[in-house]
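For reference, the structure is listed below as structure tokens.
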Amino acid sequence: MTSSEPGDDPQGPSGRSGPGRPRLSRRQLLVLAGASAGVVGVGAGTATVLGTGSSPVSGPDRITSTDPEVRAAERARQATGRTTRIALMAAPGALDLAGRSAQTWLFNGRLGQEVRLTAGDELRARVTNGLASPTTVHWHGLALRNDMDGVPAVTAPSIEPGTSFDYGFIVPDPGTYWFHPHVGAQLDTGLIGALIVEDPNEPLRYDDDVTLVLDDWLDGVTSTPDMTLAGLRADGMAMGGMGGMDMGSMEPTAKGIGVSRRQPLGEDTGDVTYPLHLVNGRPPADPFIVEGRPGQWLRLRLINAGSDTAYEFSVGGHKLRVVASDGFPVEPVAIDSLVLGMGERFDVLVEVGDGAFPVVAIPVGKLGPPAFAVLRTSSGEAPRPARPPRGGRLLNYRDLVPDESVRMSARRPDRALTIDLTMEDGGRAWLINGKRFPDHEPLDLRRGERVRLEFVNRTMMFHPMHVHGHTFGLVGYGTTADDPGLRKDTVNVLPMQRMTVDFDADNPGQWLTHCHNAYHGEMGMMTVLSYVR
Ligand code: C2O
Ligand code: CU
């Protein structure tokens with residue numbers, strides 16, 4: 001296999017057959033390393049920078065993942081000197097769904113495995129590919145070194161079947177993060193895990209800490225992710241809802257269109273029907289149980305690892321005190337339920353009552369049984385899944401103010417970039433700035449700049465937009481009108497909404513930015529934020 005002429009290879013650089021493998025044209029090729037080398041070492045000098053030579057790369061001088069700027073940024077990160085080593089084996093396996101076995105792909109034979117370390121520690125992860133397809137691991141939400149970001153053809157080669165890759169990087173910020181592959185529709189298999197970064201000076205007081213990974217499930221039950229993707233490519237929007245509407249000349253607004261308390265993300269929230277929704281890999285018939293003591297404070301770390309489903313989360317009979325959003329602390333707010341788009345995380349504290357209570361994540365805008373777990377302090381009757389209380393308070397981003405420690409300074413942006421979100425061909429293509437990834441126009445920026453990103457959603461479907469390697473502030477949310485407030489790395493951009501976020505360009509490299517609906521991303525809704533010299 002050669003990676004030097006991906007434009008000539010109809011299957012793309014990794015040689016995977018079947019639909020869904022993005023193909024890079026020469027112009028889009030930023031860095032493509034020698035994937036045939038098999039095991040690739042950590043650090044410099046093992047990858048080959050292409051894109052020069054015969055290909056007509058012109059314009060700005062891009063800082064690629066193998067450039068010295070990336071290594072220098074890593075050296076500048078605060079490190080504790082401690083190292084956590086893990087091994088992840090990606091391989092086919094069976095997931096036990098209440099006695100029914102679903103064939104899927106898993107890390108170490110499990111779904112939602114948790115990795116825990118402390119901010120400033122180094123994570124060394126040897127990932128071995130026991131699949132028949134190339135894979136990678138992306139560490140969602142971390143401001144890590146660019147060459148460890150796990151995006152084929154943008155930051156590093158993919159890991160070929162039968163080989164391993166050693167990821168190694170300093171984990172800079174405390175919080176709730178997660179990991180998953182960044183190849184094809186693999187996000188919709190069981191290849192997902194939680195990455196919990198503890199704060200050595202944790203300011204919150206709580207007695208126990210539990211991670212709940214929410215996930216929409218079809219693999220090995222009704223379909224496979226690749227079949228689902230192929231179906232969407234062929235037929236477009238399966239549910240034929242509002243999302244496909246042509247909005248003509250209407251202009252997106254700060255509020256968006258068609259959202260209400262009953263439909264917080266609009267009417268049409270997804271294209272894929274899932275037979276099951278899981279908490280920590282467990283279906284409602286065999287629920288995950290959180291054991292508590294009455295009166296204790298529990299920190300729940302919620303992760304939406306779904307591919308095409310947003311969830312409204314609640315715990316029967318309990319207020320949720322929101323303390324962090326996408327890993328970053330916020331001033332606590334008490335609410336009854338909250339919505340998580342795909343890729344989003346929230347941390348909440350609950351004061352545990354005495355009894356057994358339903359922990360419920362309702363798929364927003366979809367039918368079917370919710371994801372369900374149980375919080376209990378005594379063995380009693382197992383509760384039934386329950387809806388959050390009518391008239392209960394649903395979290396809005398506007399309710400959240402970043403904690404002082406992570407508030408961004410007020411600063412005039414040095415650069416403004418637009419990310420225009422559109423749909424074509426009845427949902428067979430999802431585009432950014434009129435292009436369908438891997439075709440894209442990189443969005444150039446320079447190190448040291450305050451960068452303003454404006455997401456402009458010209459569709460009637462929400463898009464959870466995610467920026468790699470950075471955490472942005474939502475402009476006008478939780479602060480004064482023109483300054484960045486709530487810190488996030490994934491934000492739900494509502495139907496026909498215009499959402500502005502600011503971030504500091506302090507992590508050189510090439511960073512994917514995309515819709516975290518796994519199928520929208522694969523059907524083109526991705527682009528690259530590109531540091532130039
Ligand atoms: Cu969960 Cu590209 O990310
Ligand atoms: Cu989307």
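Among the numbered criteria (1) more than 17 Å from the chain's Cα centre (by Cα); (2) not in a loop (DSSP other than H, G, I, E, B), which single criterion is violated by Glu202?
Status for Glu202: all satisfied but (2).
Under 8 Å by Cβ, and 6 or more places apart or on different chains, what pairs join a residue from region 499-521 that is more than 9 Å from ligand 1 (Cβ to nearest atom) with one that is part of a strand (DSSP E or B) and polar (S, T, N, Q)?
Met499/Asn457; Gln510/Ser530; Trp511/Ser530
Which condition does Asp166 not pass, out of (1) in contact with an Asp or Glu (Cβ under 6 Å, 6 or more places away or on another chain); (2) away from ligand 1 (no atom under 16 Å from the Cβ), if it passes all the others?
Tallying (1) in contact with an Asp or Glu (Cβ under 6 Å, 6 or more places away or on another chain); (2) away from ligand 1 (no atom under 16 Å from the Cβ), Asp166 fails exactly one: (1).
With respect to the numbered conditions (1) within 15 Å of ligand 1 (Cβ to nearest atom); (2) in a loop (DSSP other than H, G, I, E, B), which one is the sole condition not fulfilled by Pro161?
In the conditions (1) within 15 Å of ligand 1 (Cβ to nearest atom); (2) in a loop (DSSP other than H, G, I, E, B), Pro161 misses (1) alone.
Looking at Leu204, Leu191, which one is out of contact with any Gly (no Cβ under 9 Å at 6 or more places or on another chain) and away from ligand 1 (no atom under 14 Å from the Cβ)?
Only one candidate qualifies: Leu204.
Do the conditions hold for Asp444, that is, is it surrounded by fewer than 18 Cβ atoms within 10 Å (Cβ to Cβ) and either among the polar types (S, T, N, Q) or modelled with pLDDT of 95 or more (or both)?
yes
In region 440-463, what count of residues is obtained for those that are closer than 25 Å to Val401 by Cβ, part of a strand (DSSP E or B) and not acidic (Asp, Glu)?
Residues in region 440-463 being closer than 25 Å to Val401 by Cβ, part of a strand (DSSP E or B) and not acidic (Asp, Glu): 7 in total.
I need the full set of residues from region 143-155 which are within 17 Å of Arg85 (Cα to Cα) and part of a loop (DSSP other than H, G, I, E, B), in order please.
Leu144, the sole residue that qualifies.
Looking only at region 320-367, count every residue that is open to solvent by 10 Å² or more (accessible area, probe 1.4 Å), charged (D, E, K, R) and under 24 Å from Met460 (Cα atoms) and tell me the total.
1
Taking region 196-213 as the region of interest, how many residues are polar (S, T, N, Q) and surrounded by fewer than 20 Cβ atoms within 10 Å (Cβ to Cβ)? Walk me through it before giving the result.
Initial filter on region 196-213 (polar (S, T, N, Q)): 201, 211.
Remaining after also requiring surrounded by fewer than 20 Cβ atoms within 10 Å (Cβ to Cβ): 201.
Total meeting the criteria: 1.
Give the residues of region 497-513 that are open to solvent by 10 Å² or more (accessible area, probe 1.4 Å) and under 24 Å from Arg145 (Cα atoms), sorted by residue number.
If the condition is that a residue be open to solvent by 10 Å² or more (accessible area, probe 1.4 Å) and under 24 Å from Arg145 (Cα atoms), then Asp504, Asp506 are the ones that fit.
Identify all residues within region 390-425 that are open to solvent by 90 Å² or more (accessible area, probe 1.4 Å) and under 30 Å from Gly270 (Cα atoms); write none if there are none.
Within region 390-425, Arg390, Arg393, Arg398, Glu424, Asp425 qualify.
If you check Ser133, Ser101, which single one turns out to be away from ligand 2 (no atom under 16 Å from the Cβ), in a loop (DSSP other than H, G, I, E, B) and farther than 22 Å from Ile196 by Cβ?
After ruling out the rest, the residue left standing is Ser133.
Quick one: in region 438-463, of everything that is among the hydrophobic types (A, V, I, L, M, F, W, C) and within 16 Å of ligand 2 (Cβ to nearest atom), which residue is nearest to the chain's Cα centre (by Cα)? Can you show your working first?
If we filter region 438-463 for residues that are among the hydrophobic types (A, V, I, L, M, F, W, C), which is where we start, we get 443, 445, 451, 453, 455-456, 460-462.
Then drop every residue that is not within 16 Å of ligand 2 (Cβ to nearest atom), which leaves 453, 455-456, 460-462.
Numbers: Leu453: 18, Phe455: 17, Val456: 19, Met460: 21, Met461: 18, Phe462: 15 Å.
Restricting to residues being among the hydrophobic types (A, V, I, L, M, F, W, C) and within 16 Å of ligand 2 (Cβ to nearest atom), the top hit is Phe462.
I'm trying to understand the selection: among the residues of region 297-310, which are out of contact with any Pro (no Cβ under 6 Å at 6 or more places or on another chain) and either within 20 Å of His516 (Cα to Cα) or open to solvent by less than 10 Å² (accessible area, probe 1.4 Å) (or both)?
Leu298, Leu300, Arg301, Leu302, Ile303, Asn304, Ala305, Gly306, Ser307, Asp308, Ala310
Checking His466 against (1) in a strand (DSSP E or B); (2) within 21 Å of Asp147 (Cβ to Cβ); (3) more than 16 Å from ligand 2 (Cβ to nearest atom); (4) not charged (D, E, K, R): exactly one of these is not met. Which one?
(3) is the only condition that His466 fails.
Which strands (runs of 3 or more DSSP E) does region 283-344 wholly contain that include 1 or more residues that are β-branched (Val, Ile, Thr), more than 19 Å from Pro383 (Cβ to Cβ) and within 16 Å of ligand 1 (Cβ to nearest atom)? Give the derivation first.
Details: elements: 288-291, 297-304, 311-315, 320-325, 328-335, 338-340.
Strands (runs of 3 or more DSSP E) meeting the threshold: 297-304.
Among the numbered conditions (1) within 16 Å of ligand 1 (Cβ to nearest atom); (2) open to solvent by 10 Å² or more (accessible area, probe 1.4 Å); (3) within 20 Å of Met423 (Cβ to Cβ), tell me where Arg458 comes up short.
(1)
Out of (1) in a strand (DSSP E or B); (2) more than 11 Å from ligand 1 (Cβ to nearest atom); (3) open to solvent by less than 10 Å² (accessible area, probe 1.4 Å); (4) not small (Gly, Ala, Ser), the odd one out for Trp178 is which?
It is condition (2) that Trp178 fails.
Taking region 510-533 only, how many residues are more than 16 Å from ligand 2 (Cβ to nearest atom) and in contact with a Phe, Trp or Tyr (Cβ under 6 Å, 6 or more places away or on another chain)?
So the count comes out to 1.
Looking only at region 230-251, which residues are over 24 Å from the mean Cα position of the chain (by Cα) and modelled with pLDDT of 95 or more?
Scanning region 230-251 gives no hits.
The values are calculated or read from the model by the stated rules, or taken from the named source; none is laboratory data. Note that the structure is predicted; figures quoted are calculated from it, not measured. Cβ coordinates were reconstructed from backbone atoms using ideal geometry, including for glycine residues, and neighbour counts include every protein chain displayed. Accessible surface areas use protein heavy atoms only, side chains included; no ligands, DNA or RNA. Shrake-Rupley method; radii C 1.70, N 1.55, O 1.52, S 1.80 Å.
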